[in-house]
Amino acid sequence: MLLNRDEISGYQAEIEAVGEAFFGDATASFIKYIIGNTNTNNSESHRRVFVRTAGSRVVAFLILSTVLDESEILQVAVKKECQRCGLAAALLDEVFDFCRKSGISKIFLEVREGNFPARLLYKKFEFEEAGLRRDYYENPRENAVVMSKNLSVSGAEKPKK
Ligand SMILES: CC(C)(COP(=O)(O)OP(=O)(O)OC[C@H]1O[C@@H](n2cnc3c(N)ncnc32)[C@H](O)[C@@H]1OP(=O)(O)O)[C@@H](O)C(=O)NCCC(=O)NCCS
């Protein structure tokens, strides 16, 4: 579900709680920035927030940044007890759909070199490794793998079997 600004505000604490477990206070900083720089219907925002909920609770989120016809996945996280249920895959499907409809033809992301669950997720969705940023992350220091995916303008993005 793509959130508008009011919905982001309503879910703020829950999104931050899901993100904090993996990214410390970086998620809270992103959300605060987005709320402060988004108009009500989201049309002028270059950062967007997608969530998956269970009942009324946020269990997964993805933050997407867009400039012209390129987007970057800034963060994606799924609550630990809800992982391996297809939530990240569903968020990626929704993002691909959003990008295609918005004329976005390329998606980038960075991922810790040792984050194999995430790298397997992106590989399954046919992101390709585009480079390495040495010592990009702190605490712990680690290389970032840069990945990218070209989006077709028609047809659904199907993961590899
Ligand atoms: C990476 C992450 C987002 C995956 O979320 P998820 O909802 O568990 O992933 P899904 O259930 O949609 O899995 C889709 C595919 O990703 C891969 N995958 C996901 N988690 C995996 C794991 N622990 N081990 C191996 N492959 C994994 C698999 O290919 C999987 O397909 P399959 O279930 O058919 O084998 C989740 O582990 C997470 O939140 N991690 C912490 C935050 C993070 O590292 N975010 C990414 C960096 S920004």
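The values are calculated or read from the model by the stated rules, or taken from the named source; none is laboratory data. As the structure is a computational prediction, the values presented were derived from the model and not from experiment. Reconstructed Cβ throughout: ideal geometry from the backbone, glycine too, with neighbour counts over all protein chains shown.
Descriptive notes on the structure:
- Of all the numbered requirements in (1) assigned to a loop (DSSP other than H, G, I, E, B); (2) more than 25 Å from ILE8 (Cα to Cα); (3) in contact (Cβ under 8 Å) with a residue 24 or more places away in the chain, PRO140 misses one, and that requirement is (3).
- ALA118 being near the ligand (Cβ under 8 Å from one of its atoms), part of a helix (DSSP H, G or I) and either within 21 Å of ALA28 (Cβ to Cβ) or at pLDDT below 95 (or both): yes
- For region 60-115, the set of residues classified as of a type in the set (D, E, K, R) and over 21 Å from ARG5 (Cα atoms) consists of ASP69, GLU70, LYS79, LYS80, GLU81, ARG84, ASP93, ARG100, LYS106, GLU110, ARG112, GLU113, listed by residue number.
- Sole residue being touching a helix residue (DSSP H, G or I) at 6+ places or on another chain (Cβ under 8 Å), in contact (Cβ under 8 Å) with a residue 24 or more places away in the chain, at negative phi and near the ligand (Cβ under 9 Å from one of its atoms), chosen from ARG112, ARG48, ARG57: ARG112
- Scanning region 47-73 for residues that are β-branched (Val, Ile, Thr) and more than 22 Å from SER148 (Cβ to Cβ) returns VAL51, THR53, VAL58, VAL59.
- In region 66-86, the residues that are touching a residue at least 40 places away in the same chain (Cβ under 8 Å) and aliphatic (A, V, I, L, M) reach residues that are more than 10 Å from the ligand (Cβ to nearest atom) and not in a helix (DSSP H, G or I) with C-beta atoms within less than 6 angstrom, at least six apart or across chains, in these pairs: LEU74/SER65.
- For region 130-147, the candidate set comprises residues that are closer than 25 Å to ASP97 by Cα and out of contact with any helix residue (DSSP H, G or I) (no Cβ under 9 Å at 6 or more places or on another chain); within that set, the residue that is nearest to the ligand (Cβ to nearest atom) is VAL146.
- Filter pass, ILE107 being surrounded by 14 or more Cβ atoms within 10 Å (Cβ to Cβ) and more than 21 Å from GLY24 (Cβ to Cβ): yes
- The single residue among ARG119, ARG100, ARG133 that is of a type in the set (Lys, Arg) and more than 16 Å from the chain's Cα centre (by Cα) turns out to be ARG133.
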